[in-house]
């Protein structure tokens, strides 16, 4: 990659359309055929603004699509050239909404560094042990409830959706009375682009309403824990201090929104895709069950690669720069297509085949490295280990039916999926 002095001429958009609702309404397998062409011929390509943008922005000229694994890693790890402070979604979000909805995901150094340090300080070894202990209990309970619901039950509703919200609630101390609504609000923040989910509602109203509710919950929790600290993550967050810095109530609330979304989707979507994949690749299910303890580590990494729960993240070029032979101008949006990078045949042998023993497995499921690498990756892995163990133990014959997918360009979401056992 070379930094160059550039102008920003009018560019022709790539003939392949990655911006339409129609493209994101197809299957992952169909999208991968398109990504394969781009990786081979035009790994960095210029595209028009997305069709389903939340708000029309006449100044939005489009974005660069980065589809090759190596280039995604380059963008991820060079936080000086490729900034996050303008937002991490395709579209431009008003600055006053950015921090409230994306916390330090939408920040650059030095503020990002400070906030992440304070948040990381709250994840003490004691907190991590407490969280991991509760994950095992919650996984056992939700699989038991799925079994009680009976064969034909919806896996997403009874299992995949339940474990992460219970884990989040245990982590931050969400009262029982608020848990269902917190889960619904977290759903709204990633589902507002799906026509089925919206059911005629205004997407901006749905998004802002969900965000305001989560801020209210977090504000009440933060105020209470400042006066009455407990053994939970919110207590740790409001009392943590790094180099004299503490989080304000607004910063705690923004981080809570991030936790509610990120802490929900990685586990929820990966678990659903994993059960479907184990149905399609029965030999892999048998391989895992034969020596679960020694094999679940690599299996979880393959589940995350296979699912790619977060499909895209955006950066903004700070300077004129060249990437994969393309001249990117300062201010241009650069979108990393994790869903493409995780199936790059230059990195993964037979990526279209589930291989639970795949090693090495440098997937991009938690980002491509750098300062924005997922802070909660270990929690997601712990949930997936525990849930898979309970499914294989309690429901060894579980079989997934046809999934109903959420439409959108951000999360690879399964809306519902029946299972039999």
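Taking the empirical scaling 2.2 N^0.38 Å for compact globular proteins as reference, the stretch 164-314 has a Cα radius of gyration ratio of 1.25. Size descriptor for the stretch 85-200, Kirkwood hydrodynamic radius: 17.0 Å (Cα pairs only, one decimal). Between 166, 77, 61, the residue with the greatest mean-square fluctuation in the GNM of the chain (Cα pairs under 10 Å linked by springs) is 61.
When the chain is treated as a Gaussian network with alpha carbon springs shorter than 10 Å, the biggest mean-square fluctuation among 288, 89, 204 belongs to 204. Sorted from longest to shortest, the spans of the Cα atoms of the stretch 2-420 along the three principal axes equal 61, 54, 43 Å. The modelled label-to-label distance for the pair residue 246/residue 353, using points 7 Å beyond Cα in the direction of Cβ, is 5.7 nm.
Both radii are taken from the alpha-carbon atoms of the stretch 288-421; with Rh as the Kirkwood radius, Rg/Rh is 1.03. Rg then Dmax, both in Å and based on the Cα atoms of the stretch 170-214: 11.5, 34. Its DSSP H runs of at least 4 residues, each contributing -39,500 (n - 2.57), put the calculated 222 nm mean residue ellipticity of the chain at -16000 deg cm²/dmol, to the nearest 500.
Springs between alpha-carbon pairs under 10 angstrom, Gaussian network model over the chain: which of 218, 290, 70 fluctuates most? Result for the chain, Cα springs under 10 Å: 290 fluctuates most. Counted over the stretch 2-420, the DSSP beta bridges are approximately 80% antiparallel.
Judged by the mean number of other Cβ atoms found within 10 Å, the most tightly packed of the peptides 32-44, 298-310 leads the ranking 298-310, 32-44.
Going from the fewest other Cβ atoms within 10 Å to the most, the residues 14, 293, 249 appear in the order 293, 249, 14.
Compared with the rule-of-thumb size 2.2 N^0.38 Å for a compact globular protein, the stretch 227-339 has a Cα radius of gyration ratio of 1.56.
Computed from the coordinates by the stated procedures, all read-outs in this text should not be read as laboratory data. What you are looking at is a predicted structure, and each value in this text was computed from that prediction instead of being measured. Note that we place each Cβ from the backbone using ideal geometry, even for glycine, and neighbour counts take in every protein chain shown.
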